[in-house]
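One structure is given below, encoded as structure tokens.
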Amino acid sequence: MRQKKEINHYKYGKWYGKPYHFFGDYLYHKYNAKILKLTINANLGCPNRDGTIGSSGCIFCSEGSASPTAAGSLSIHKQMQAAIDGFNRGLYTPKYIAYFQAFTNTYATADVLKKLYDSAIAFGNVVGLMIGTRPDCLPDDILDVIAGYKKNNFELWLEIGMQSMHDRSLQFLQRGHTHAHTVSAINRARERGIPVCVHIILGIPNESWYDMMSTAIEISRLPVQGVKIHHLHVIKGTPLEVLYNKGQVPLLSCKQYVSYTCDFIERLRGDIIIHRLLGDQPKDMLIAPAWGLHKGTVLKAIEDELLRRGTFQGFLCDSY
Ligand code: SF4
């Protein structure tokens with residue numbers, strides 16, 4: 001039986017009117033400006049594609065969707081300018097976060113990485129650096145480099161692909177690492193004071209509701225500051241597409257995803273910032289589920305469901 005918590009933070013505006021701590025709101029109020037993420041492909045490759053760990057990549061990852069090759073051939077500053085031009089907003093002077101997103105952005109020597117990160121933050125109006133990577137590609141010398149970017153009023157985030165706390169799910173996803181790698185990477189990053197955001201996937205085949213909620217509880221137990229929640233979706237040209245076409249990959253309905261995501265949010269610590277609540281995919285690359293293209297509708301359904309339940313982030317978290 002649910003015990004309602006006495007303090008209902010969202011009613012008091014702690015999360016700017018939302019029943020969860022949303023990254024966009026957090027950024028806007030911290031910097032008093034719209035912050036745009038400029039995605040960068042540093043062409044660093046991935047050990048799960050080049051044969052070091054695996055050669056076919058994670059089951060859900062498409063080489064094309066993870067890395068637009070045209071973008072990857074441009075200099076970092078040209079990619080950042082192209083991203084700004086793509087926003088086509090022109091209404092104010094936004095601030096930017098340099099986002100090393102494509103592939104494994106710690107898969108090089110510490111010296112090479114430092115030059116790349118330095119170049120990105122030298123671009124005008126950059127107030128942050130985000131680095132996406134695998135948990136088994138974070139040796140101590142590279143974490144030391146990343147920790148060097150910690151400073152006041154600078155948005156530093158290390159994004160780690162956790163996906164699930166269950167090793168059998170990581171095996172299904174062909175991740176090539178275990179949950180122990182994730183725990184080690186998070187702990188060593190936090191020893192250096194680096195803010196960590198973990199990526200997780202809901203709807204992995206053979207994960208029960210309890211399995212998914214165990215991952216939420218595990219994230220709340222770990223010293224992380226952010227989470228990106230994605231629905232399992234099938235992209236063209238991936239190993240997952242092959243399984244899906246054989247009828248071996250049941251996908252969540254929108255209703256299930258909304259319900260599970262709310263259950264997940266209720267179990268997340270209240271201080272964790274939710275960076276994303278739905279996977280993003282290019283329309284022309286998506287095989288299924290089609291509902292994932294209606295991002296606004298899904299996000300509204302999640303918020304409406306929490307409001308209907310009268311619950312909020314951390315409602316069922318002991319370490320709230
Ligand atoms: S999801 Fe990341 S780790 Fe997996 S194959 Fe793609 S780039 Fe590599």
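The values are calculated or read from the model by the stated rules, or taken from the named source; none is laboratory data. The shown structure was predicted, so the numbers you read here are calculated from the model rather than taken from an experiment. A quick note on method: Cβ atoms are made from the backbone with ideal geometry, for glycine too, and the neighbour counts reach across all protein chains shown. The protein model used for the area step is the full one, side chains on, heavy atoms only, and it has no ligands, DNA or RNA in it. Shrake-Rupley method; radii C 1.70, N 1.55, O 1.52, S 1.80 Å.
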**Request:** Would you confirm whether any residue within segment 155-167 is part of a helix (DSSP H, G or I), aliphatic (A, V, I, L, M) and open to solvent by 10 Å² or more (accessible area, probe 1.4 Å)?
**Result:** no
**Request:** Report, by residue number, each residue of segment 230-289 that is in a loop (DSSP other than H, G, I, E, B), touching a residue at least 40 places away in the same chain (Cβ under 8 Å), farther than 30 Å from C317 by Cα and open to solvent by 40 Å² or more (accessible area, probe 1.4 Å).
**Result:** K236, G237, Q248, P282
**Request:** Report, by residue number, each residue of segment 299-320 that is buried (at least 19 other Cβ atoms within 10 Å of the Cβ), hydrophobic (A, V, I, L, M, F, W, C) and under 19 Å from the mean Cα position of the chain (by Cα).
**Result:** I302
**Message:** If I filter segment 209-219 for residues that are in a helix (DSSP H, G or I), closer than 24 Å to L156 by Cβ and either among the aromatic types (F, W, Y) or more than 18 Å from the chain's Cα centre (by Cα) (or both), do I get at least one hit?
**Reply:** no
**Request:** Might you check whether a residue that is out of contact with any Cys (no Cβ under 7 Å at 6 or more places or on another chain), open to solvent by less than 40 Å² (accessible area, probe 1.4 Å), within 16 Å of the ligand (Cβ to nearest atom) and not in a loop (DSSP other than H, G, I, E, B) occurs anywhere in segment 117-130?
**Result:** yes
**Asked** Which one of these does D144 not meet: (1) within 16 Å of the ligand (Cβ to nearest atom); (2) surrounded by fewer than 22 Cβ atoms within 10 Å (Cβ to Cβ)?
**Response** (1)
**Request:** Select from segment 49-63 the residues that are free of Cβ contacts under 8 Å to residues at least 60 places away in the same chain and within 9 Å of the ligand (Cβ to nearest atom) and list them in ascending order.
**Result:** R49
**Complete:** Exactly one of A102, A108 is within 16 Å of the ligand (Cβ to nearest atom), more than 17 Å from A189 (Cα to Cα), at pLDDT below 95 and small (G, A, S), and that one is A102
**Asked** Y26 versus (1) of a type outside the set (D, E); (2) open to solvent by 30 Å² or more (accessible area, probe 1.4 Å); (3) within 17 Å of the chain's Cα centre (by Cα); (4) at pLDDT below 90: which is the lone unmet condition?
**Response** (4)
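Kindly indicate whether K150 is open to solvent by 50 Å² or more (accessible area, probe 1.4 Å), touching a residue at least 12 places away in the same chain (Cβ under 8 Å), assigned to a helix (DSSP H, G or I) and basic (K, R).
No: the conditions fail for K150.
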**Item:** Breaking point among (1) under 27 Å from Y96 (Cα atoms); (2) open to solvent by 10 Å² or more (accessible area, probe 1.4 Å); (3) in a loop (DSSP other than H, G, I, E, B), for L138
**Value:** (2)
